[in-house]
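K.L.:
What follows is a structure written as structure tokens; I'll ask about it next.
The values are calculated or read from the model by the stated rules, or taken from the named source; none is laboratory data. All values derive from a computational prediction rather than experimental measurement. Quick reminder, even Gly has a Cβ in these numbers, built from the backbone with ideal geometry, and neighbours come from all protein chains shown. Heads up: the accessible areas ignore ligands, DNA and RNA and are worked out on the full protein's heavy atoms, side chains in. Shrake-Rupley method; radii C 1.70, N 1.55, O 1.52, S 1.80 Å.
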Amino acid sequence: MTAVPPVAVVTGASSGIGAATARHLAAAGHHVVLTARRKDRIEALAAELAEAGHQATAYALDVTDRSAVDAFAASLDRCDVLVNNAGGALGADPVASGDPEDWRRMYEVNVIGTLHMTQALLPALTGSGAGTVVVVSSTAGHATYEGGAGYVAAKHGARVLAETLRLEIVGTPVRVIEVAPGMVKTEEFATTRFRGDTERAAKVYEGVPDPLSADDVADTITWAVTRPPHVNIDLLVVRPRAQASNHKVHREG
């Protein structure tokens, strides 16, 4: 009898860390369920994974829409892993002039979206007998920096959600893992933050030897997820060697 592969739901799977994590979890033997707003992207990724002999399903979803999240959860037969990756930053303005709408949107996606998905899938994760919730936060959730207050506040919220959930569900067969990446160079993160200003986005990584890639973070997430069920990686902070803290980054040239 063929064993049924564990099901891993990955949010924000249309690009960057989410897409890379889906690829890594699929290669590790999971049936990955790809969720994101951009249907064409996740369908293309699902086709790519199927072509490689893996199991993947695409489901267009906005994690800030609770009714849509509930409908998605009801469509699943099972869920063993939830990777809360959907998020992102908008702007780099100081507190005095930051746009409240940017703050609200970041909080909605990074925190409320994570809350929606976790609440909706927690019964299935518990029912699996060995569930895993992953919250992809950021080093911004552990230290502040100028010009980043809105994003920092949102990622602090995601971190606290993970910490509190772990306390509240201890004794159940669900573990809670937080992975906090530092400087990761992806095709969209900084460009989205600076509203399409590719020149400004490029300066974030200028002179930095080997910033993290999406694959680096995906590999870290997959390692944590594939530990034996009784092993909980509470928090894993991962940075490039060139980054000692949010404020101290080695740049060459």
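K.L.:
Which whole-angstrom value gives the distance between the alpha carbon centres of the stretch 131-155 and the stretch 158-234?
P.N.:
Taking the Cα centre of each part, the stretch 131-155 and the stretch 158-234 sit 9 Å apart.
K.L.:
Antiparallel as a % of all DSSP beta bridges within the chain, to the nearest 5?
P.N.:
Beta bridges within the chain, antiparallel portion: roughly 5 percent.
K.L.:
Would you please calculate the Kirkwood hydrodynamic radius of the stretch 77-138 over all C-alpha pairs and express it in Å, rounded to one decimal?
P.N.:
Here the Kirkwood hydrodynamic radius works out to 13.1 Å.
K.L.:
Given +1 on the Cβ of Lys and Arg, -1 on the Cβ of Asp and Glu, and no further charges, what dipole in debye does the chain carry about its Cα centre, rounded to the nearest 20?
P.N.:
For the chain, the charge dipole is close to 340 debye.
K.L.:
Also, I was wondering about something else. Run the 1.4 Å probe and let me know the accessible area of Y59, rounded to the nearest 10 Å².
P.N.:
About 70 Å², rounded to the nearest 10.
K.L.:
Show that you can apply the helix-only estimate: for the chain, add -39,500 (n - 2.57) for every DSSP H stretch of four or more residues, divide by all residues, and state [θ] at 222 nm to the nearest 500.
P.N.:
Only helices count here, giving -12500 deg cm²/dmol.
K.L.:
Highest first, please rank the peptides 187-199, 10-22 by the mean number of other Cβ atoms sitting within 10 Å of their residues.
P.N.:
10-22, 187-199
K.L.:
Continuing with the same structure: For the stretch 2-137, what log10 I(q)/I(0) values come out of the Debye formula at q = 0.12, 0.18 1/Å, with one point per alpha carbon and no solvent?
P.N.:
-0.46, -0.95
K.L.:
Explain nothing, just compute: Karplus ³J(HN,Hα) = 6.51 cos²θ - 1.76 cosθ + 1.60, θ = phi - 60°, for every residue of the stretch 164-181 in order, whole Hz, x for Gly and Pro.
P.N.:
After applying 6.51 cos²θ - 1.76 cosθ + 1.60, I find 5, 4, 4, 5, 6, 10, 4, x, 9, x, 10, 9, 10, 10, 10, 10, 10, x Hz.
K.L.:
For q = 0.13, 0.14, 0.15, 0.18 Å⁻¹, what log10 I(q)/I(0) does the chain give under the Debye formula with an equal point scatterer on each alpha carbon and no solvent?
P.N.:
-0.79, -0.92, -1.06, -1.51
K.L.:
Quick one, can you get me the convex hull of the C-alpha atoms of the stretch 4-79 expressed as volume per residue in Å³?
P.N.:
Each residue corresponds to 74 Å³ of Cα convex hull volume.
K.L.:
Roughly what would the spin-label model give for E146 and R38, points 7 Å off Cα along C-beta, in nm?
P.N.:
3.3 nm
K.L.:
Using alpha carbons only, how many degrees (0 to 90, rounded to 10) separate the axis of helix 39-51 from the longest principal axis of the chain?
P.N.:
The helix 39-51 is inclined about 60 degrees to the chain.
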